[in-house]
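**Q** I have a structure I would like to understand better, so I am pasting it below and will then ask my questions one at a time.
The values are calculated or read from the model by the stated rules, or taken from the named source; none is laboratory data. In this text, all values refer to a predicted model and were calculated from it rather than measured experimentally. Cβ sites come from the backbone with ideal geometry, for glycine too, and all protein chains shown count toward neighbours. Quick note on the areas: whole protein, heavy atoms, side chains included, nothing else; ligands and nucleic acids left out. Shrake-Rupley method; radii C 1.70, N 1.55, O 1.52, S 1.80 Å.
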Amino acid sequence: MTQPNRAALAVSLALLGLGSGCIYPTERSGELRIEFVDPVSQVFVGDSLQMTARVVDANGTVLPNVAVRFSSSDDGVALVSGAGRLLGIGPGQVNVVVAPRQLEATQPATLPVRVFEGMQIFALHPTVTTSPDSSSVRFGELLEVIGAGLDPGQMTLMQVGAAAIVVHSFVPADLSDINSLDTLRVYIPSPLPSEADLVLVAAGRGSAVRTLQILQEDVYEVVTGTVPDLGVVAGALLLPGLVLEAVPADVDPDTLPFQGRAMDFYAAHVNSGSGISVVLKTENGLPPVEQGMTFGVSDLQNDSGDWPWSARYPAHKDYGAAQLCGARWIALHSEARSDSIVVAMSDLPTMGIDPNGFMVSLSSAEALSQPLGYSLRFTTEYLATLPPDAGEENDVCDLAHPIPLTGETVSMNYDNEYDVDWYKFTINGPSPPTAAAKLAAAITESEPNDTLATANLVTLGDVLTGDISDPLLDVDFFKFFAEAGTVIDLDVDTPAPPPFSDGVLTLYDSTGSEIAFVDDDDFGLDPRLTTVIEATGWYFVSHQTFGRWSGFPGIEDAAPYTLTFGAVTDVNFVTIEVVASDEFDGEIVIFEAQTEKSDVHDFIPPVVGSCCAEPFEGGYRATLQGLMPPGDFIMIVNGGGYITDYTIEARLFQPGVTAPSSFELPAPVRHTIRSKRRLTALRALRQRPGSLIR
């Protein structure tokens, strides 16, 4: 029952068709009647509301200026002031009476009002299972709950046992009818013990509890000897709370078909020519592969036992047109181990499947000692994208979630330790300039320049030749002037080893405060720093070895280098920022769309690079920035094994198009590619003969 409006309702005695100030003759008052306006016949203890009434003649015309008086038949149930203010006092039923103050021949009107103590459940109506007290249900069954105060919008807790409830529908009581009650329809979740409490809690309404007897099978096990037919799927169909059934403890699995392995089958139909998307999601949030689940789709008349598609690993199988992702991306999906398996089919006939009848199957790898819960979601028409995070379908490439490049905050989550989220975006804009377009002058480093005060003066566009004379002591500083909105591209290049060089770049403002830092790019150990200048003024940049900066001396040698001070225009500068309040060790990696892998072990170079999370005040953050060409891109955000909520923001800056003031950089901007705890492993790899890490 919905909560009545507590706002005062002014007594409406408006004149309909009579002149102002007209008083009905007292001797004809018996021809009048008094009636309640928008009567409310159900309230809760503590509720306060204004009752309203009006006086009308035999023609239904409202009389103005007729004073009325309200009263209660039982002040222990409800107090009612003469002006009609009602206050629920205790549970029970009361009559609210209203009568004219002067028209004595006019009969009073009576409104029965029911006052509830709080939320109450009066009856349970399972839609499939029958039992003497209607308390027995099956997993996935639709249960009707009849009572008062059952509005799910007011609920703070809705569960059976420890499992959350999925609401099917809610029909509120008719508040003008004292006998009307709320009807709440919910799905029974899975898995659950044989006995579990249905618990409902609402703010200001208290709680209601009913004990349920849970039959250890889902609602479709009622159908025996045939495949349950779901009918024609139109729009969307959700089947929550299903289970692969367990073998009873007193039964030998080897005596059962398929050694007791659980198997479920469903028949479904779609309109001819339509596509279909089917999502399998585990109820416990663990990857299906960890639980031995197999998921398949076939023609309904599967006499041969062939399944056009089946998988035991979490993945997405796309039978549609070419998508953003290459065919070999599936290799990464088995590593991601998502909690869902998605099958998206755009052309069923070409798969040998009749859209007028196809079958979905699930099975366990072995006999189960406990029911294994899952849900199925069918959506008509082929879908290349599905909602993010609610069902976690964005953890496969072809279902990558579109992300805006406007800085809009998108809230997401890692819901299991294997979770990897995929995103996609498109850049419409110019291509990056060639190296030749950046060059202005060739200059040479001048020592000493190992402090801010002795920094060499350079101009954006210069290409500088320098030398790290001592890998543990030497650091080179340079000073340049830049206008607000300038995209600078500082790029270090060193000769192929030997000698071996591993440099880092740090950008400072005119006061010497660090603005940005970068170690490697993903194509080698030479650093490249690209960022947007936010304020016009002088800036400093330093170049030194990774060993000097980190305090972990390595095998760097004294080595020459070139440093290009690029100032680029007509470019696309992208920043991706992921922030989590809880710890995570995630990475951001951006790839070109439609990238193919010739072998599952091939390395696919990222477009911008990758970046790992670092702690900051308030949580953990990973930031990735760089120049990008126009085109379609896919992006992986890896949680690093942590379960946490996070936000992601993506921004595109185009000089001359985007105002610098509208492009806010994260502070501080860090481009660290690797964390300190990885240093030892990296050093060892570098010194290993034949290592690919240089």
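**Q** Since VAL297 meets every condition but one in (1) within 30 Å of SER194 (Cβ to Cβ); (2) at pLDDT below 75; (3) among the β-branched types (Val, Ile, Thr), which condition does it not meet?
**A** The single condition VAL297 does not satisfy is (1).
**Q** Based on this model, can you work out whether ILE403 counts as open to solvent by less than 30 Å² (accessible area, probe 1.4 Å), at pLDDT 85 or above and touching a Pro at 6+ places or on another chain (Cβ under 6 Å)?
**A** Spelling it out, it is not the case that ILE403 is open to solvent by less than 30 Å² (accessible area, probe 1.4 Å), at pLDDT 85 or above and touching a Pro at 6+ places or on another chain (Cβ under 6 Å).
**Q** Condition test on SER411, is it part of a strand (DSSP E or B), surrounded by fewer than 16 Cβ atoms within 10 Å (Cβ to Cβ) and modelled with pLDDT of 75 or more?
**A** yes
**Q** A further question on this structure: Please specify each residue of segment 90-109 satisfying the condition of being surrounded by fewer than 18 Cβ atoms within 10 Å (Cβ to Cβ) and free of Cβ contacts under 8 Å to residues at least 24 places away in the same chain.
**A** Selection gives GLY92, ASN95.
**Q** Is it true that some residue in segment 25-48 is charged (D, E, K, R), modelled with pLDDT under 95 and open to solvent by less than 70 Å² (accessible area, probe 1.4 Å)?
**A** Checked against the condition, which is being charged (D, E, K, R), modelled with pLDDT under 95 and open to solvent by less than 70 Å² (accessible area, probe 1.4 Å), segment 25-48 yields at least one hit.
**Q** Within segment 199-255, take every residue that is buried (at least 16 other Cβ atoms within 10 Å of the Cβ) and among the acidic types (Asp, Glu) and give me the one that is farthest from the chain's Cα centre (by Cα).
**A** The qualifying residue farthest from the chain's Cα centre (by Cα) is GLU221.
**Q** Filter segment 191-233 down to the residues that are more than 30 Å from MET155 (Cα to Cα) and aliphatic (A, V, I, L, M), then identify the one that is modelled with the highest pLDDT.
**A** LEU230
**Q** Scan segment 463-491 residue by residue and report those that are within 19 Å of ALA441 (Cβ to Cβ), over 40 Å from the mean Cα position of the chain (by Cα) and of a type in the set (Val, Ile, Thr).
**A** Hits for segment 463-491 are VAL463, THR465.
**Q** Filter segment 152-169 down to the residues that are assigned to a strand (DSSP E or B) and without any contact (Cβ under 8 Å) to a residue 60 or more places away in the chain and list them by number.
**A** MET155, THR156, LEU157, MET158, GLN159, VAL160, ALA164, VAL167, HIS168, SER169
**Q** Among the residues of segment 352-378, how many are at pLDDT 80 or above and within 21 Å of GLY235 (Cβ to Cβ)?
**A** Total satisfying the criteria: 5.
**Q** Here is a further query. Against the conditions (1) open to solvent by 30 Å² or more (accessible area, probe 1.4 Å); (2) over 30 Å from PRO39 (Cβ atoms); (3) out of contact with any Ser or Thr (no Cβ under 7 Å at 6 or more places or on another chain), where does PRO189 fall short? Just the number, please.
**A** Tallying (1) open to solvent by 30 Å² or more (accessible area, probe 1.4 Å); (2) over 30 Å from PRO39 (Cβ atoms); (3) out of contact with any Ser or Thr (no Cβ under 7 Å at 6 or more places or on another chain), PRO189 fails exactly one: (1).
**Q** Go through (1) open to solvent by 30 Å² or more (accessible area, probe 1.4 Å); (2) over 30 Å from VAL37 (Cα atoms); (3) touching a residue at least 24 places away in the same chain (Cβ under 8 Å) and name the single condition SER176 misses.
**A** If we test SER176 against (1) open to solvent by 30 Å² or more (accessible area, probe 1.4 Å); (2) over 30 Å from VAL37 (Cα atoms); (3) touching a residue at least 24 places away in the same chain (Cβ under 8 Å), just (2) comes out false.
**Q** Does ASP303 satisfy the condition of being surrounded by fewer than 20 Cβ atoms within 10 Å (Cβ to Cβ) and either assigned to a loop (DSSP other than H, G, I, E, B) or at pLDDT below 70 (or both)?
**A** yes
**Q** So which residues in segment 126-167 are surrounded by 15 or more Cβ atoms within 10 Å (Cβ to Cβ) and polar (S, T, N, Q)?
**A** Scanning segment 126-167 gives THR129, SER134, SER135, SER136, GLN154, GLN159.
**Q** Is there a residue being among the hydroxyl-bearing types (Ser, Thr, Tyr), more than 30 Å from LEU32 (Cβ to Cβ) and open to solvent by 50 Å² or more (accessible area, probe 1.4 Å) anywhere in segment 66-89?
**A** no
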